[in-house]
Structures are given as C-alpha cells and as structure tokens.
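Undergrad: Have a look at this one.
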Amino acid sequence: MHIPDGYIPLEQAAIYWIIALVFIARSVKWARKDMNEDMLPMLAVVAAGMFVLQTINIAASLLIPIPIMGGVSWHVVGAALAAIIFASPWAAVLLITSVLAIQFILFGDGGLTVMGANILNMGIIGGFMGYYTYIGLSKLSVKRPAAMFAGAWASMILPAIALAFELWLAGTFPLKQGVVLMGIFQGVAGIGEGMITIIVFGAIARTKPEIVMNGAHNKVSTAKVAAAGVIALAGISIAAPFLASGNPDGLQQTASMVIKDEISSAISPIAPMFPGYSIAGLGKTGEIAAIVIGLAAILVLWLGIMKILKKA
C-alpha cells in the first residue's frame, strides 16, 4: 500500500510530511523516555521482520476465493503488531518510518514526496487505530486473540479508506470507487494481517513471555531473542522470492482500475539501487541477495538509531 510519487500534489504531500514529522519526533521522545535499553534490540528485530514480511506478497484469493480477488495480492504491514508488542502505538510510527526509508532508498518502493502520507497511513493511522481497537476490546473482556485480530484488521482497512480519501483530494482517485475497492482489497488483507499478528505475537509470548507480559517499561533481556530473530529472518529472506506472488497489491490494482491517464511526478525520480527487490540479471539469486541486503541495511540503520536513543 505504498503510494508512489506523482499520486499526490506537492503542496498536499508537504502537509502529510509535516504531520508525519511531528509524530516521528514524538515517537523518538517516547523511545527515549519509556523504552528500557534492554528492549532496543527487539525494536530493531521487529523492524527487520516488518521489512522482510513486506517483501512477500501473498495471493489474496488464498484468503477469500472470489473472482474480484483474482490477480490481487497483499503483504503484512505490522503496525498493529509492533504497537501491541511494545504496548504503544508510537512504536509503530518509529518502526514503519525506518522500514519505509529503506524500502524507498534501496528499492524505490513508495516515493520521497509521498513518504509523509505513507507514514501517516501505515504507521500513524494503522498503529494508533490498530492498537486502541485492541486495547478497547480487551477492556471489554474480549479474548486476546480476537481483540488482536480485530486490531490488526482495523490497522489495514482504516488506512486504506484514509488513502482513498487522500487520493480523491489529490484528484487521482474517484472517491466512491476508491473507497469501495481499497476497502475490499485491504479488508481481505486485514484477515491475513490478523492471522499473522496472532501467530507472531504468540511465538514471542512462548519464547520470551516477560517481553509481552511486562511491556516496554521493565528491564528485560532480549539479546538472545533478538539474535534468534535475525537468524530466522535471514532464512525467511532466502525463501521470500519463492513464496511471493507476482500479483499487484490492492493499491496497484485499484489504480489500474480507476486511473485513466498516465501519472507523472513533479520531481525527477531517484533511481533505486535494487528496483523490484532484485539485482538485474541474477534471477532468483539476485532477488535473494537484494532482500538480504535490505535486511542488513535496516539492522545497520537501527544500530545507529539505538545509539541515538541511548544518548538520552
């Protein structure tokens, strides 16, 4: 659900960037104040996990076998999962921002001018609405898996509807078609998001229950869990090109159905290092190498972020 450059006029994109920067600054303040340093490696691993899982597009027809789902795919976003693991939606904002930065710089996924809008949709709306849906249902005594599933589902469909309105304001999408199609495609994607959220959270809870029981405020050693997570993600990175569907995601499919004229960006595009998450001429080997490089890049980025956070 990455909006590319050109879909939103620069003056509107600037507003989304301002909103995003305010939330990013607040998320850094949250991490400095509320995150114990022992939990920082888990932030890095969850960010890396979000990146790797987002490279695996899954055919939507596997979730809902109806004709409109044919030829469409979805991928994990992870905003609600991150917020639930670290007991704060600010974690989702911080992690999504780092993932989007690596995706754009290395792979050209999304766009520079619209990154603020992408952060707003996936990190801010997805993280906050997903987390507080989960919290609200939990307070109503809804069982944790059901509350978690609902939160993850909300973190997919609500940003999709917001995106449809943003692209309508931009003059890119017709409102009714945009809302309906994005709602359908991301509503189905939310089913997969909910399932993955429950599975991943459950795996962490079984491996290191004190992390999810105590939240981010208590001193918990996560080094071994983080190391195991990196090894597991390396394995998933190698398998990713063989698992991913070549079908377009919900935004791409909606755009192909409602946009009649070719869209051009107001700025010159920046050539990505590994377009299409691959190294040209190397086939599947190039795809594996590109994803592994991306995994390494986000871990290196987080080593730098962790140093900044530890200075406070």
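The values are calculated or read from the model by the stated rules, or taken from the named source; none is laboratory data. The shown structure was predicted, so the numbers you read here are calculated from the model rather than taken from an experiment. Because the Cβ atoms are built from the backbone with ideal geometry, glycine has one as well, and the counts that use them run over all protein chains shown.
Undergrad: What tally of residues in segment 205-247 results from selecting those that are buried (at least 19 other Cβ atoms within 10 Å of the Cβ), within 16 Å of Val46 (Cα to Cα) and at pLDDT 70 or above?
TA: 4
Undergrad: Taking the condition of being buried (at least 24 other Cβ atoms within 10 Å of the Cβ) and in contact with a Ser or Thr (Cβ under 8 Å, 6 or more places away or on another chain), how many residues in segment 165-196 meet it?
TA: Going through segment 165-196 one residue at a time, the tally reaches 6.
Undergrad: Which helices (runs of 4 or more DSSP H) does segment 20-120 wholly contain that include 2 or more residues that are hydroxyl-bearing (Ser, Thr, Tyr) and on the phi < 0 side of the Ramachandran plot?
TA: Filter on segment 20-120 gives 89-107.
Undergrad: Same structure again: Among (1) buried (at least 16 other Cβ atoms within 10 Å of the Cβ); (2) within 22 Å of Leu106 (Cα to Cα); (3) at pLDDT 90 or above, where does Leu21 come up short?
TA: Unmet for Leu21, out of (1) buried (at least 16 other Cβ atoms within 10 Å of the Cβ); (2) within 22 Å of Leu106 (Cα to Cα); (3) at pLDDT 90 or above: (1).
Undergrad: Report whether or not Val77 is touching a residue at least 24 places away in the same chain (Cβ under 8 Å) and in contact with a Phe, Trp or Tyr (Cβ under 7 Å, 6 or more places away or on another chain). Even if it seems obvious, please write down each step before you answer.
TA: On the way: touching a residue at least 24 places away in the same chain (Cβ under 8 Å): yes; in contact with a Phe, Trp or Tyr (Cβ under 7 Å, 6 or more places away or on another chain): no.
Here the answer is no, as Val77 does not meet what is asked.
Undergrad: Considering each residue of segment 149-174, count those that are over 15 Å from Val114 (Cβ atoms) and among the polar types (S, T, N, Q), and give that number.
TA: Counting residues in segment 149-174 that are over 15 Å from Val114 (Cβ atoms) and among the polar types (S, T, N, Q) gives 1.
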